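To start, the structure itself, in C-alpha cells.
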Amino acid sequence: MTENNTCGTGGCGCSQESGVASDEKIVAVKNAEKEINIEFLYLDLNVCEMCKGTESNLEEALAEVSEVLKSTGVKVNLQKTHIETYEQALALDFISSPTIRINGRDAALEVKENYCSSCSDLSGTETFCRVWNFGGEEFSTVPKSLVIETILKEIYGGKTETAEISAERKAQSLENLKRFFAGINIQADSTKANRAAEQINPPVQIPQTENAASCGCS
C-alpha cells in the first residue's frame, strides 16, 4: 500500500517554513510586473501653499511606503504636470488643484475647495483650491495616510471607491479655473505692456547735485 505524504508534514522532507517562503516568493512574482502610476497635477508650485504642501506630503508618503513596495516588486511611476492653460485642464479632465490620481483614479472621493489667498494674489482674481476630507476631518493639503492607504488598496485589493462629481460641482470648479487663467493672462499682458513702455520711454535719470557743504565751505 502506497502512503501519500502531504507537504509540510515531514513525510516528503519539506517543512512548513519552506512552504511559507515559497508562498512569499509566489506573491513577489505575481506583483513583480505590477506598476502604480501616480499623477500629481497642479496650478502653481511657487507661491500656492496648498499645492506645495500637497507635493511635499505626497513625496513623504511615497518615501514611507517605498520599502513595502520594494518587497513586493511593485514599481511606482510618479508624473508631475503643471497645468498652464484652461484648454490643457479640459484636455486632461483636470477640475481642481491640486489633484492626485492613482492608476487614473482621483485619490479624493469628492471635489471640495476653499479660498486660496496665494493663487488669488497670483491671478488677481478670487481663486479656490482643493481641500481633502479624510477620517472625518478636513485638510488643506493631502494627508500622507490617505495616499498610503489608497496605494496599498490598489496593490493588495480592497474596496476602491471612485469620486462621484455632480454636474453642478464640476461646472463651479471649471468656472473657478477659467477665472484663474483669465486673471493670469491679464497679469501677463500687463507685465508685457509695462516692459514695452519702459523700452520706448526709459526712465529719465536725474543727475544729483553736489551738496554745498562738499566744497569745504561752512
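The values are calculated or read from the model by the stated rules, or taken from the named source; none is laboratory data. Just so we're clear, the structure is a prediction, and the values are computed from it rather than from any experiment. Counting neighbours? That spans all protein chains shown, and the Cβs are built from the backbone with ideal geometry, glycine included.
Thr81 passes all but one of (1) at pLDDT below 95; (2) within 15 Å of the chain's Cα centre (by Cα); (3) surrounded by fewer than 18 Cβ atoms within 10 Å (Cβ to Cβ); which number fails?
That leaves (1) as the condition not met.
Applying the selection to the stretch 111-125, what residues are charged (D, E, K, R) and either surrounded by fewer than 18 Cβ atoms within 10 Å (Cβ to Cβ) or closer than 21 Å to Asp189 by Cβ (or both)? Break it down into steps so the answer makes sense when it comes.
Initially, the stretch 111-125 is screened for residues charged (D, E, K, R), giving 112-113, 121.
Those that are charged (D, E, K, R) and either surrounded by fewer than 18 Cβ atoms within 10 Å (Cβ to Cβ) or closer than 21 Å to Asp189 by Cβ (or both): Lys112, Asp121.
Residue under question is Lys170, and the condition is that it be basic (Lys, Arg) and in a helix (DSSP H, G or I); does it hold? Break it down stepwise before answering.
Values: basic (Lys, Arg): yes; in a helix (DSSP H, G or I): yes.
Judged against the criteria, Lys170 is a match.
Criterion first (in contact with a helix residue (DSSP H, G or I) (Cβ under 8 Å, 6 or more places away or on another chain), within 22 Å of Glu175 (Cα to Cα) and surrounded by fewer than 21 Cβ atoms within 10 Å (Cβ to Cβ)) does Ser97 satisfy it? Explain how you work it out, then say what you get.
Details: in contact with a helix residue (DSSP H, G or I) (Cβ under 8 Å, 6 or more places away or on another chain): yes; within 22 Å of Glu175 (Cα to Cα): yes; surrounded by fewer than 21 Cβ atoms within 10 Å (Cβ to Cβ): no.
Taking the combined requirement at face value, the residue does not satisfy it.
Among the residues of the stretch 42-63, how many are surrounded by 14 or more Cβ atoms within 10 Å (Cβ to Cβ), in contact (Cβ under 8 Å) with a residue 60 or more places away in the chain, of a type in the set (Asp, Glu) and not in a loop (DSSP other than H, G, I, E, B)?
Selection size over the stretch 42-63: 1.
Counting just the residues of the stretch 28-41 that are among the aliphatic types (A, V, I, L, M) and in a strand (DSSP E or B), which one comes out modelled with the lowest pLDDT?
Of the stretch 28-41, the ones among the aliphatic types (A, V, I, L, M) are 28-29, 32, 36, 38, 41.
Applying the additional criterion that residues be in a strand (DSSP E or B) yields 36, 38, 41.
Values: Ile36: 91, Ile38: 96, Leu41: 98.
This residue is Ile36.
Cβ contacts < 7 Å: first residue within 18 Å of Asp44 (Cα to Cα), restricted to the stretch 64-83; second residue β-branched (Val, Ile, Thr) and part of a strand (DSSP E or B), any location; separation 6+ or different chain. Result?
Taking only residues 6 or more apart or on different chains, the pairs are Leu78/Ile38.
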